[in-house]
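So the structure is just underneath, and the comments pick up after that.
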Amino acid sequence: MPNERIVLGWAKPETPVPGLIAKSIAGELGIVSVDSDLAQDAFSRLQWQVALYEFGTDFLPVAPIISLAESYGEELALQHHDAFLSRLKELEGAGQISLGISWKPRRKNDSPATTGREWLNKRRQDHVADKSNAESSIAFFNEFENPEFQTRTRQGPHALHRDILLPRAKIQRLFSDISICAKEFPADAVSFTATGPWPPFSFAQPF
Amino acid sequence: MTLELQLSSAQETMASSDSRLVDVVDGLLHNGVVIRGELWLTVADVELVFLGLDLILASPDTMKRECANHAE
């Protein structure tokens, strides 16, 4: 008795996929799916999607947190065919780089203050240092802004996260640029991560 | 002192126990095409489990407009 297959995403029907992942056709869209036994949790679905992307397949990825049955994925493809196809064309040949920068609140001097004035001065110095780190971090982040590339940005109290959509051919160059700029970055207590390339998760929503 | 930089491929990131990279992966799990509606889990053409999902199928801009309209 076969298990229901789980949808990893939608692709063009002629898109090649690795041997383990079956594909059915709904209209002009193909569905890329995997046996449910092999994708029982979000992380395993993510692993399949990354493998699919690294194989060279362009596809519109389902959020890994969702376990989407193939039959329902077909219905969606038929129901929203034009929007899916249009989005898929926009994402063709592209991947996502995820950047994250975080800065820690600084404490210039951890020794306890002996007077109220001293305590206020310490706090002011820490605030200035913290603000300086934040501004430097954001400036560094913005070094990699490019009007050609779509981005999605989220900001927290001491962190900034940005996803960048760019052509596969330009990804390695971006990593190189990041490495070069990081060597010249003046601030300490700042942590920067650049990961990928990933399937275009943050840019997949077709509506 | 210079920036603490970590460059990591997708495979390296997924295999890492570094809390920063774990956070990256956690963020990715919730991005992608998100579905609203009813979902039946079926085995051998028998509908076994019904899940009423309320995950919105919309872009962030559309969601913001919907929320604003609802608030009015």
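Out of region A:39-97, which residues are more than 19 Å from A:Phe149 (Cβ to Cβ), open to solvent by less than 30 Å² (accessible area, probe 1.4 Å) and outside any helix (DSSP H, G or I)? Hits for region A:39-97 are A:Ala39, A:Thr57, A:Phe59, A:Val62, A:Ala63, A:Pro64, A:Ile66, A:Leu68, A:Ala69.
Pairing each residue of region A:152-175 that is more than 13 Å from A:Gly95 (Cα to Cα) with any residue that is aromatic (Phe, Trp, Tyr) and part of a strand (DSSP E or B), provided the two are 6+ apart or on different chains, yields C-beta distances under 7 Å for A:His158/A:Trp103. Is it the case, given these coordinates, that A:Leu68 is at pLDDT 95 or above and either within 16 Å of A:Phe201 (Cα to Cα) or among the β-branched types (Val, Ile, Thr) (or both)? Answer is no for this residue. So the check is Cβ under 7 Å with 6+ separation or different chains; which pairs have a first residue in region B:16-30 that's closer than 13 Å to A:His161 by Cα and facing another protein chain (nearest Cβ under 7 Å) and a second one that's surrounded by 13 or more Cβ atoms within 10 Å (Cβ to Cβ) and of a type in the set (Phe, Trp, Tyr)? Filtered contacts from region B:16-30: B:Leu28/A:Trp198; B:Leu28/A:Phe201. Annotation note: of A:Ser111, A:Ser132, A:Ser98, the sole residue that is modelled with pLDDT of 85 or more and of a type in the set (S, T, N, Q) is A:Ser98.
Residue-wise test of (1) touching a Ser or Thr at 6+ places or on another chain (Cβ under 7 Å); (2) within 12 Å of chain B (Cβ to nearest Cβ).
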{"residue": "A:Trp103", "(1), (2)": "yes, yes"}
{"residue": "A:Lys122", "(1), (2)": "no, no"}
{"residue": "A:Gln125", "(1), (2)": "no, no"}
{"residue": "A:Glu143", "(1), (2)": "no, yes"}
{"residue": "A:Asn146", "(1), (2)": "no, no"}
{"residue": "A:Thr153", "(1), (2)": "no, yes"}
{"residue": "A:His158", "(1), (2)": "yes, no"}
{"residue": "A:Leu166", "(1), (2)": "no, no"}
{"residue": "A:Ile171", "(1), (2)": "no, yes"}
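Assess whether A:Pro147 counts as being at pLDDT 75 or above, open to solvent by 70 Å² or more (accessible area, probe 1.4 Å) and not basic (Lys, Arg).
Spelling it out, A:Pro147 is indeed at pLDDT 75 or above, open to solvent by 70 Å² or more (accessible area, probe 1.4 Å) and not basic (Lys, Arg).
Residues in region A:40-70 that are among the small types (Gly, Ala, Ser) and either farther than 12 Å from B:Leu28 by Cβ or more than 10 Å from chain B (Cβ to nearest Cβ) (or both): A:Ser44, A:Ala51, A:Gly56, A:Ser67, A:Ala69. Looking across A:Ser24, A:Ser44, A:Ser98, A:Ser33, one residue alone is over 30 Å from B:Ser8 (Cα atoms) and either without any contact (Cβ under 8 Å) to a residue 40 or more places away in the chain or hydroxyl-bearing (Ser, Thr, Tyr) (or both). It is A:Ser24.
The values are calculated or read from the model by the stated rules, or taken from the named source; none is laboratory data. The shown structure was predicted, so the numbers you read here are calculated from the model rather than taken from an experiment. Cβ sites come from the backbone with ideal geometry, for glycine too, and all protein chains shown count toward neighbours. The accessibility values were calculated without ligands, DNA or RNA, using every heavy atom of the protein model including side chains. Shrake-Rupley method; radii C 1.70, N 1.55, O 1.52, S 1.80 Å.
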